[in-house]
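Trainee: Let me begin by handing over the structure; questions about it come next.
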Amino acid sequence: MSTTTDAKRKAPAGERVADWADGRLGIYSLAKANMRKIFPDHWSFMLGEICLYSFIIIILTGVYLTLFFHPSMNEVHYHGSYVPMQGIRMTEAYASTLDISFDVRGGLLIRQIHHWAALIFIAGMFVHMMRVFFTGAFRKPREINWLFGFLLFALGMFTGFTGYSLPDDLLSGTGVRFTQGAILSVPIVGTYISMFLFGGEFPGHDIIARFYSIHILLLPGIMLGLVVAHLILVFYHKHTQFPGPGRTNKNVVGMPLLPVYMAKAGGFFFLVFGVIAVIAALFTINPIWALGPYRPDQVSTGAQPDWYMGFAEGLVRVMPGWEINLWGHTLVLGVFIPLVVFGLVLAAIAVYPFIESWITGDKREHHILDRPRNAPTRTALGVAWVTSYMVMLIGGGNDIFATHLHMSINSITWFVRIFYFVGPVIAFIVTKRICMGLQRRDRDKVLHGRESGIIKRLPHGEFVEIHEPLSQSQRYSLTAHEQYEPAEVGPAVDENGVERKLTRGEKLRAKLSKGYFGEGNQVPKATAEEYREISSGHGGHH
Amino acid sequence: MSSNEISDKNLPHEQGSAHGTAVAENPFADPGLPPHKPRIQDVDEQAAKRSERTVALLFTVSMLATIGFIASFVIFPVDEIVYVWPIGHVSATNLSLGLTLGVALFCIGAGAVHWARTLMSDEEFADDRHAIEAAPEVKAKVMTDFADGARESAIGRRPLIRNTMLGALAMVPLSGVVLLRELGPLPEKKLFHTSWKKGLQLINMNTNEPLRPEDVVVGSLTFAKPEGLEEDDEDFNNKIAKDALMIVRIQPQDIKDRRELEWSHEGIVAFSKICTHVGCPISLYEQQTHHVLCPCHQSTFDLSDGARVIFGPAGHPLPQLRIGVNGEGNLEALGDFAEPVGPAFWERG
């Protein structure tokens, strides 16, 4: 023993631990591939990090809350330290939430961090998905990761809903009642689903315990798996990057994981956590003590769900109360249609990448991001979707808008009914025009240079503005994007004069392709010939 | 295949085709990564020292904040309320714990990010990407392996095994589905009935006393429950979710609906309080118009006209309970509701 150690230096403790782990886990091979992995930098790439970190914060604080929360609908008389509720009958769920808020030191803080982090988590996913959508980062090879992200967003909404329903306060109980009413509207099986979910008639004695296991076990378990898969794919695909000098579809330009991203991303976790803690210290969220315990015959005005359920609330509020009674059955369209539209609005997000790749017919990998202006139709569709979503948020808060802005609730509701259809069309047209305008400006900048603000008077009296030519990097960045040509269905007859059979799908694809890439739907980018022609000689006039 | 029919000419040229051409020839060619510009900290050790001190200060503030957190936890009683301008009266524990925790966390983050931005190298590197798709020879090997495996399993040659296996696998989850049957009872006719029946007195929700006609004055809105239902009952919530009543008095000549008038007692009408939209309890009453509004989704009903829906998403009127007066002069029900209360459902008809 001693003879061999004399020859070799004794490895430091850290290295010996790493050796031990490598012999069992193979960590050196893993580190070789990843330790100095390059990540591109852009402020919008941190949106996903906000989601990841708030998810971690939610899990940490959620575990703490389970130590004190009793998911039980057994009724008790409250005898805690919150005086206004003394002696009032309530479920153990509500009473233990009061205890967390008033009798556990730091309990209120953790509850508020948990709730704020949930709101930020879903808002973060919303904005992160917009970033991915508008820059085309969902294209091959990332369609599956888009689906993972979509599932996280959808499951996040339901996890949030089951979570804020747990305290069994008057507001959340009303939300559960609304859900039960919506379930009843489902044709044929609605009453069965309701009876099975609630263990009998509403509200029963089971729903809190069932929501509890869904909220803390089932949904977060699935979400944790999806988050891990999402991150593995981000690592495996390597991050996308914006066009720029030295950045191609075949490389990834940025700074290494160790040390820069370790410090930046690790530090960012603490920044997010710190900001959420300060928000939770300063701003009350969901003051269940002010609402009182749930009773099915009581309600408060201004009842609102958490923001991410607002568009579903809006759909339900503005839908006309259609009911069809036929052959002894009732089709509750007034509630069921909003339920279906809710699903379709979300499904539209999930399927978009596949629709776009079908239209373009593009089977190549894309690692360079689109600037939103360079994909006018996609950008316009996205803005139209967001517009319809926002209009429905107004619908979901129609009572709040009415009372705060002193407007008629009926006119707000009618506004939403009309603008849910008209708004997206206007948004589509306006966005597309703006994108085209920006494309035109890019083209002008590339060909004629940047407006310098310097006015020159020519000998014959004419005033012109001096344009400064762009640098090679700027010219490259502004012309690096690809432009598709619209797909053609080809001639109606083949070379033998026989009529070609075109399927309806092919005709549709050609039509959509024209709408995306046809004349008037994108501005042809500057070509080298145009540039040379303009920059050689007659420079003064434009 | 549609891709055969439609030419792929619409695909743009492979990006970066300009590569290799001299920059001078192509004004739009990629000039390559720009040279690294040193920061002040890279060239000036004084500046680097300043950054170092800033980072260390942030980490120190974090430590102090954690000590502050522990101190606040010990010092402030859980029920202490303090006034803090401009947020008002707040829990001292919540405010102090939250702010100290927030500062402790934020300063770690700010320190780490400042360190990364000013002192760690900010030189950009390019890493190569590799195609996700496997090379053709890899794919060929996998296909052969798969074919070998499939052949050795003989799954194609012995369809009996395959079919029975698929059948077994398809059927075994049914056990799980069957187990879910225990989640709750069948709907049967449960949603069609409430506790109301002939002879049950209407109990004022506020006083817990039987309602008398003279208690109900024009313009007031009274909530009632059936006699015998007490708040301490085990199934109070389930019962009240269907039994809750709204009582108003309307001048008989103002009642437009003939059946409503018949089912009233001298203009006193009793309607289900549970909204027919998705089941919120209705609570807002306009005494001049006799409109009631559900605060959840703003369905509006005209109580002087058979509780007809006049606005909002509800699909049918509120059910009315037929009432009369018993021997003691108290209001009583003359039977159950004629139709199910609350939200509509498939079997409602």
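Trainee: For the Cα atoms of chain A, what angle does the longest principal axis make with the long axis of helix A:262-282, in degrees from 0 to 90, nearest 10?
Mentor: Around 40 degrees separate the two axes.
Trainee: Can you tell me the Rg and Dmax of the protein assembly as shown, counting just the alpha carbons, in angstroms?
Mentor: 33.9, 114
Trainee: Between Rg and the Kirkwood Rh of region B:40-118, both from Cα atoms, what is the Rg to Rh ratio?
Mentor: With Rg and the Kirkwood Rh in hand, the quotient comes to 1.19.
Trainee: Here's a follow-up. Can you list the residues of region A:68-117 that have at least 40 square angstrom less accessible area with all protein chains present than in their chain by itself, probe 1.4 Å?
Mentor: A:ARG89, A:ARG105, A:LEU109
Trainee: Please list A:HIS42, B:HIS290 in order of solvent-accessible area, largest first, computed with a 1.4 Å probe with all protein chains present.
Mentor: From most accessible down to least: A:HIS42, B:HIS290.
Trainee: If you don't mind, there's one more thing I want to ask. For region B:210-325, calculate the relative contact order in percent as a whole number, restricting contacts to Cα pairs under 8 Å that are 6 or more residues apart.
Mentor: Normalised by residue count, the contact order of region B:210-325 is 22 percent.
Trainee: What is the calculated FRET efficiency for B:LYS37 to A:LEU30, with r their C-beta to C-beta distance and R₀ = 60 Å, to the nearest 0.05?
Mentor: Given R0 = 60 Å and the Cβ-Cβ separation, E is 0.95.
Trainee: Antiparallel versus total DSSP beta bridges in chain A: what percent is that, nearest 5?
Mentor: For chain A, the DSSP antiparallel bridge percentage is about 95.
Trainee: Continuing with this model, one more query. Could you compute Rg(Cα) / (2.2 N^0.38 Å) for region B:121-279, with N its residue count?
Mentor: For region B:121-279, the normalised Cα radius of gyration is 2.31.
Trainee: While we're looking at this one, here's another question. Could you give the angle, 0 to 90 degrees to the nearest 10, between helix B:45-75's Cα long axis and the longest principal axis of the Cα atoms of chain B?
Mentor: For helix B:45-75, the angle is close to 30 degrees.
Trainee: If all Cα-Cα distances of region A:80-142 are sorted into 10 Å bins from 0 onward, what percent lands in each bin, rounded to whole numbers?
Mentor: Histogram of Cα-Cα distances, whole percents per bin: 19, 28, 19, 15, 14, 6, 0.
Trainee: Also, quick follow-up: Run a plain Debye calculation on region B:192-348 (Cα atoms as equal point scatterers, no solvent) and give log10 I(q)/I(0) at q = 0.11, 0.19, 0.21 Å⁻¹, rounded to two decimals, same order as the q list.
Mentor: Result of the Debye calculation: -0.37, -1.20, -1.48.
Trainee: What is the calculated FRET efficiency for B:GLU25 to A:ILE285, with r their C-beta to C-beta distance and R₀ = 60 Å, to the nearest 0.05?
Mentor: Here the calculated transfer efficiency is 0.45.
Trainee: In addition: If the label point is 7 Å along Cα→Cβ of B:ASP44, which residues in region B:111-137 have backbone nitrogen under 19 Å from it?
Mentor: Backbone N within reach: B:114-122.
Trainee: Let me ask another. So, with a 1.4 angstrom probe, what is the percent of accessible area on region B:269-349 that is carbon and sulfur?
Mentor: Whole-percent figure for carbon plus sulfur exposure: 47.
Trainee: What GluC sites (Glu not before Pro) in region B:292-349 are in a loop by DSSP, with at most 13 other Cβ atoms within 10 Å of the Cβ?
Mentor: B:GLU328
Trainee: Follow-up question, since we're still on this one. Please find, in a Gaussian network model of chain B (springs between Cα atoms separated by less than 10 Å), the residue of B:ASP127, B:ASP235, B:ASP44 whose mean-square fluctuation is greatest.
Mentor: Comparing B:ASP127, B:ASP235, B:ASP44 in the GNM, the peak value goes to B:ASP44.
Trainee: Right, next: If I take all pairs of Cα atoms in region A:294-383, what percentage of them are more than 24 Å from each other?
Mentor: Of all Cα-Cα pairs in region A:294-383, 51 percent lie more than 24 Å apart.
Trainee: Placing +1 at every Lys and Arg Cβ and -1 at every Asp and Glu Cβ, with all other atoms neutral, what dipole size does the protein assembly as shown have around its Cα centre, in debye to the nearest 20?
Mentor: Dipole about the Cα centre, nearest 20: 2560 debye.
Trainee: Let me ask something else about it. At q = 0.08, 0.15 Å⁻¹, what log₁₀ I(q)/I(0) does a Debye calculation on the Cα points of chain B give, no solvent, two decimals?
Mentor: Here the Debye-derived log intensity ratios amount to -0.87, -1.21.
Trainee: Where in region B:265-279 does accessible area fall by at least 30 Å² between the isolated chain and the complete protein assembly, at a 1.4 Å probe radius?
Mentor: B:HIS277, B:VAL278
Trainee: May I pose another question? Per residue, how large is the accessible surface of the protein assembly as shown? Use a 1.4 angstrom probe and give square angstrom.
Mentor: 50 Å²
Trainee: Using only protein heavy atoms and a 1.4 angstrom probe, determine the accessible area buried between B and A, summed over both sides, in Å² to the nearest 100.
Mentor: Summing both chains' loss of accessible area gives about 10100 Å².
Trainee: Anything losing 50 Å² or more of accessible area from the isolated chain to the full protein assembly: pick those residues out of region A:322-360, probe 1.4 Å, ligands and DNA/RNA ignored.
Mentor: Hits at the 50 Å² cut-off: A:GLU323, A:HIS329, A:THR330.
Trainee: Same structure, new question: Hey, in the GNM for chain B with a 10 angstrom Cα cutoff, which one of B:SER195, B:SER283, B:SER51 fluctuates hardest?
Mentor: In this elastic network of chain B, the residue with the biggest mean-square fluctuation among B:SER195, B:SER283, B:SER51 is B:SER51.
Trainee: Given charges of +1 on the Cβ of Lys and Arg and -1 on the Cβ of Asp and Glu, with all other atoms neutral, how large is the dipole of region B:192-348 about its Cα centre, in debye to the nearest 20?
Mentor: 540 debye
Trainee: Of all the accessible heavy-atom surface of region B:40-118, with the other protein chains kept in place and a 1.4 Å probe, what percent is carbon and sulfur?
Mentor: After summing per-atom areas, the C and S share lands at 71 percent.
Trainee: Before rounding to the nearest 500, sum -39500 (n - 2.57) across all DSSP H runs of length at least 4 in the protein assembly as shown and divide by the residue total; then give [θ] at 222 nm in deg cm²/dmol.
Mentor: The helix contribution divided over the protein assembly as shown gives -16000 deg cm²/dmol.
Trainee: Here's something else I'd like to know. Which of B:ALA104, A:GLY437, A:GLY453 sits closest to the plus end of the dipole of the protein assembly as shown, meaning its Cα is farthest towards the positive end, when Lys and Arg get +1 and Asp and Glu get -1 on the C-beta?
Mentor: A:GLY453
Trainee: Tell me which of B:THR66, A:VAL227, A:PRO203 sits at the most positive position along the dipole axis of the protein assembly as shown, charges placed on C-beta atoms (Lys, Arg +1; Asp, Glu -1).
Mentor: Final value for the positive-end residue is A:VAL227.
Trainee: Specify the longest stretch of chain A that does not include any exposed loop site, a site being one of the GluC sites (Glu not before Pro) with a non-H, G, I, E, B DSSP assignment and at most 13 other Cβ atoms within 10 Å.
Mentor: A:1-461
Trainee: Once neighbouring chains are kept in place and the probe is 1.4 Å, which whole percent of the accessible area of chain A is contributed by carbon and sulfur?
Mentor: So the carbon and sulfur contribution to the accessible surface is 68 percent.
Trainee: For B:MET205, what residues show an amide H to amide H distance below 5 Å, using hydrogens built from the backbone and excluding near sequence neighbours?
Mentor: Amide H neighbours of B:MET205: B:PHE223, B:ALA224, B:LYS225.
Trainee: Further, regarding this structure: Using r as the Cβ-Cβ distance of B:LYS198 and A:HIS329, and R0 as 30 Å, what FRET efficiency do you calculate, to the nearest 0.05?
Mentor: 0.55
Trainee: Using the alpha-carbon atoms, what tilt in degrees (0 to 90, nearest 10) does helix A:13-25 show relative to the longest principal axis of chain A?
Mentor: Once rounded, one gets 90 degrees.
Trainee: Taking loop as defined by DSSP and a crowding limit of 16 other beta carbons within 10 Å, which trypsin sites (Lys or Arg not before Pro) in region B:222-311 fit?
Mentor: B:LYS256
Trainee: Sticking with the crude label model, points 7 Å out along Cα→Cβ, report the distance from A:PHE68 to A:LYS507 in nm, one decimal please.
Mentor: Result for the modelled spin labels: 6.6 nm.
The values are calculated or read from the model by the stated rules, or taken from the named source; none is laboratory data. Owing to the predicted nature of the structure, the values given are computational and were not obtained by experimental measurement. Ideal geometry is used to build each Cβ from the backbone, glycine not excepted, and the neighbour counts take in all protein chains shown. Quick note on the areas: whole protein, heavy atoms, side chains included, nothing else; ligands and nucleic acids left out. Shrake-Rupley method; radii C 1.70, N 1.55, O 1.52, S 1.80 Å.
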